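Notes follow once the structure below has been shown.
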Amino acid sequence: MTDQAEQASAALSAAPEIPGKPTSASRTTLSHIMTHSDTNLLGTVHGGVIMKLVDDAAGAVAGRHSGGPAVTASMDEMAFLEPVRVGDLVHVKAQVNWTGRSSMEVGVRVMAERWNESAPATQVGSAYLVFAAVDADGKPRTVPPVLPETEKDKRRYQEAQIRRTHRLARRRAIMELRERRVAEGYED
């Protein structure tokens with residue numbers, strides 16, 4: 001671990017206990033109507049436009065939960081389930097699923113409905129993002145624990161812990177592979 005990382009870790013460990021926040025305290029929905037400027041070459045809404053909305057909503061939730069700036073650390077998974085069309089009203093629903101010392105997993109569900117119809121919205125995508133809370137100098141800062149309120153929130157919390165375990169195991173396996181390759185004389 002670098003000196004800077006050790007100092008940041010020590011600062012987080014020394015931080016006072018922060019009271020938890022319920023899941024509902026930071027839950028939000030961002031809505032946007034899709035226009036021709038949002039389309040790809042196939043005439044449907046570009047995946048990158050949806051990803052930007054997902055990141056915006058997740059960032060708002062992470063900032064609300066942590067009480068300050070939070071930056072995107074990773075996007076675990078982005079599933080596009082159905083195409084989104086021009087004229088669709090897209091609702092991006094986000095909430096904090098899990099918290100660590102300075103990180104938060106935010107779950108996002110993307111729903112779409114025709115702007116001029118009364119049919120119910122359908123799910124068109126979902127994503128899991130990890131955000132890190134940072135201070136004015138960009139250093140990690142402690143976040144409040146999330147307090148799941150419903151059975152669905154509790155399930156999401158447990159699933160987020162599984163995703164975190166997999167992220168850490170994957171990162172560790174990749175680092176070990178790279179170290180082994182360097183020891184064997186391979187240059188990457």
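Taken across segment 101-112, residues that are touching a residue at least 60 places away in the same chain (Cβ under 8 Å), crowded, with 17+ Cβ neighbours inside 10 Å, of a type outside the set (Lys, Arg) and in contact with a Pro (Cβ under 7 Å, 6 or more places away or on another chain) do occur, with at least one present.
Put simply, of Ala132, Ala119, Ala169 the only residue that is among the small types (Gly, Ala, Ser) and buried (at least 21 other Cβ atoms within 10 Å of the Cβ) is Ala132.
Test of understanding: among Gly59, Gly68, Gly63, Gly107, which residue is closer than 25 Å to Gln161 by Cβ and in a loop (DSSP other than H, G, I, E, B)? I'd like the intermediate steps shown before the answer.
Values: Gly59 fails: in a loop (DSSP other than H, G, I, E, B); Gly63 fails: in a loop (DSSP other than H, G, I, E, B); Gly107 fails: in a loop (DSSP other than H, G, I, E, B).
Criteria check complete, one pass: Gly68.
For segment 44-57, the criterion of being modelled with pLDDT under 95 and among the small types (Gly, Ala, Ser) is satisfied by no residue at all.
Taking segment 98-112 only, how many residues are touching an Asp or Glu at 6+ places or on another chain (Cβ under 7 Å) and farther than 14 Å from Pro144 by Cβ? Quick ask: steps written out before the conclusion?
As a first pass, look at segment 98-112 and keep what is touching an Asp or Glu at 6+ places or on another chain (Cβ under 7 Å): 98, 112.
In the following step, the residues that additionally are farther than 14 Å from Pro144 by Cβ were identified as 112.
Result for segment 98-112: 1.
Residue-wise test of (1) among the β-branched types (Val, Ile, Thr); (2) open to solvent by 80 Å² or more (accessible area, probe 1.4 Å); (3) in a helix (DSSP H, G or I); (4) closer than 17 Å to Ser26 by Cβ.
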position: Gly125; (1), (2), (3), (4): no, no, no, no
position: Glu149; (1), (2), (3), (4): no, yes, no, yes
position: Tyr157; (1), (2), (3), (4): no, no, yes, yes
position: Ala173; (1), (2), (3), (4): no, no, yes, no
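Scanning segment 74-85 for residues that are open to solvent by less than 40 Å² (accessible area, probe 1.4 Å) and outside any strand (DSSP E or B) yields a single hit, Val84.
The values are calculated or read from the model by the stated rules, or taken from the named source; none is laboratory data. What you see is a predicted model; the values in this text were computed from it and never measured. Using ideal geometry, Cβ is built from the backbone for each residue, glycine included, and neighbour counts are taken over all protein chains shown. The protein model used for the area step is the full one, side chains on, heavy atoms only, and it has no ligands, DNA or RNA in it. Shrake-Rupley method; radii C 1.70, N 1.55, O 1.52, S 1.80 Å.
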